[in-house]
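One structure is given here, and the rest of the page talks about it.
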Amino acid sequence: MIPLLLSAEAEADAPFVTRLRATGTSMHSADAILVESDALGATFAGKSGLFAIDGATADDLDGDVVLVRPQARRLERLLRSGSPHNTLLVTERCDQLCVMCSQPPKKTHDDRFDLLEQACLLAEPDMLIGISGGEPTLYKDQLLGMVERVLTARPDLSFHILTNAQHFDADDISRLRASIYRQVSWGIPLYAAEPALHDEIVGKRGAFARLEEGFAHLIMAGARVELRTVLVTPNHHALPDLARYVAARLQFVEAWSIMQLENIGFAKGRWSNLYVDHRTDFRPIGMALTHATLHNVRAQLFNFPRCTVPADFRNYAIASISDWKRKFASACDECREQSQCSGFFEWHPSDHAEICVEPL
Ligand code: SF4
């Protein structure tokens, strides 16, 4: 697992954002330049003074955009150089309580929008930046303001924002119609076509009805949407119905991602009740994929190791897990399809991963 949080000691008093330069010279006034390094860490100097980082080499860190928090003696690698998997957490608050939530919400909110905006402005050219929470649109005005300012200054960038779409209203339509939002896609969870089942999974009464309103506003705005459905026992056999709903009502989406469960957060304690071993009953998933495809909805499988998917549906299974939290079983070394495969989450039970795989 690639560490995103590192120990750091800094001269500064307040948190600051900087881009680390281990080679060459400064390209920007916010860059920090390498002073010295060894196998255990590196020391950099920038306009906020000296700071020393433990647990990564200067080569590992070169080009990363980081947030240094002197009081906490921590450093967050917000945007890792050369990685296509950079996601910024804007809040840990949420107004839903999904049964399988991988990052259970907190009541407190640490407002870091200013710092995250500075980080985005230092991103590598053409970077796609993910935004997640919690629920980012609980701070909708701050979120949209940040996105608009960043994309105005850096039109080469784009954003993918995870949201439960509970907080869009008619007043947002004209704002979201602006051309700048063609560089924004919204990842929106939908778990069932049956309102009561969706509401039960997200732990909020009326969520499905509110979500339908959100979709209506997004359609009116011409927004780009990716639907996300996490596979859990309660919706496994409801997937064909959901496919019919998506094909009939939400054909405007760019993709529909059916996602295997993560063994973390709430799902960890409920694993035996929620996890569907798709190897033993793929039929509802296959029916959903087929129906979606026949109706021109681009369906895809996230977090499904390719060898665990029937051959007829294997091309739906894509390498979806971010590099920093992905692992493979030992037998995967001999697989010809590893580069196309999601593998497993770092926190997936290793004994299960080892018995699942059949190298292709
Ligand atoms: S053997 Fe490993 S790399 Fe190959 S498809 Fe299975 S999980 Fe993926």
Relative to the Cα centre, what is the charge dipole magnitude of region 209-360, using +1 at the beta carbon of each Lys and Arg, -1 at the beta carbon of each Asp and Glu, and rounding to the nearest 20 debye? 360 debye
DSSP beta bridges in the chain [antiparallel fraction, %, rounded to 5]: 50 percent
Return an integer: the convex hull volume of the alpha-carbon atoms of region 211-302, in Å³ per residue. 103 Å³
At R0 = 35 Å the Cβ-Cβ FRET efficiency linking Asp114 and Ser350, nearest 0.05, sits at 0.30
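Cβ neighbours within 10 Å, averaged per peptide: list 255-262, 217-224 in order, most packed at the top.
255-262, 217-224
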Does region 107-179 come out rounded, prolate or oblate, given a ≥ b ≥ c as the square roots of the eigenvalues of its C-alpha gyration tensor, rounded meaning a/c under 1.5 and, failing that, prolate meaning a/b above b/c? oblate
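Once you have the Cα-Cα distance between Leu294 and Ala45, take 0.36 nm times their residue separation minus that, and quote the gain in nm to one decimal. Before the final figure, lay out the partial values.
On the way: separation 249, 0.36 × 249 = 89.64 nm, distance 5.71 nm.
Computed gain between Leu294 and Ala45 is 83.9 nm.
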Accessible area of Glu92 in the full protein assembly, 1.4 Å probe (Å², nearest 10): 60 Å²
Sum -39500 (n - 2.57) across every DSSP H segment of at least 4 residues in the chain, then divide by the residue count to get the 222 nm mean residue ellipticity, nearest 500. -7500 deg cm²/dmol
Within the chain, cysteines having no neighbouring cysteine beta carbon under 4.7 Å are Cys94, Cys120, Cys307, Cys332, Cys335, Cys341, Cys356
From the Cα trace of region 196-349, what convex hull volume per residue do you get, rounded to a whole Å³? 129 Å³
Subtract the Cα-Cα distance of Glu194 and Ile33 from 0.36 nm times their separation in residues, and report this length gain in nm to one decimal. 52.4 nm
Report, in debye and to the nearest 20, how large the dipole of region 298-356 comes out about its Cα centre when Lys and Arg carry +1 and Asp and Glu carry -1 on their Cβ. 280 debye
Per residue, the convex hull enclosing the Cα atoms of the chain spans a volume in Å³ of 146 Å³
Qualifying lysines (Cα of each under 19 Å from Cα of Lys106; at least 8 residues distant if same chain): Lys140, Lys204, Lys268
Long-range alpha-carbon pairs in region 1-153, meaning those over 25 Å apart, account in percent for 31 percent
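The values are calculated or read from the model by the stated rules, or taken from the named source; none is laboratory data. It should be emphasised that the depicted structure is a prediction, and the values quoted were computed from it without experimental measurement. Heads up, the Cβs are rebuilt from the backbone with ideal geometry, glycines too, and the neighbour counts pull from every protein chain shown. Ligands, DNA and RNA are stripped out before the accessible areas are found, and what is left, the full protein with its side chains, is counted by its heavy atoms. Shrake-Rupley method; radii C 1.70, N 1.55, O 1.52, S 1.80 Å.
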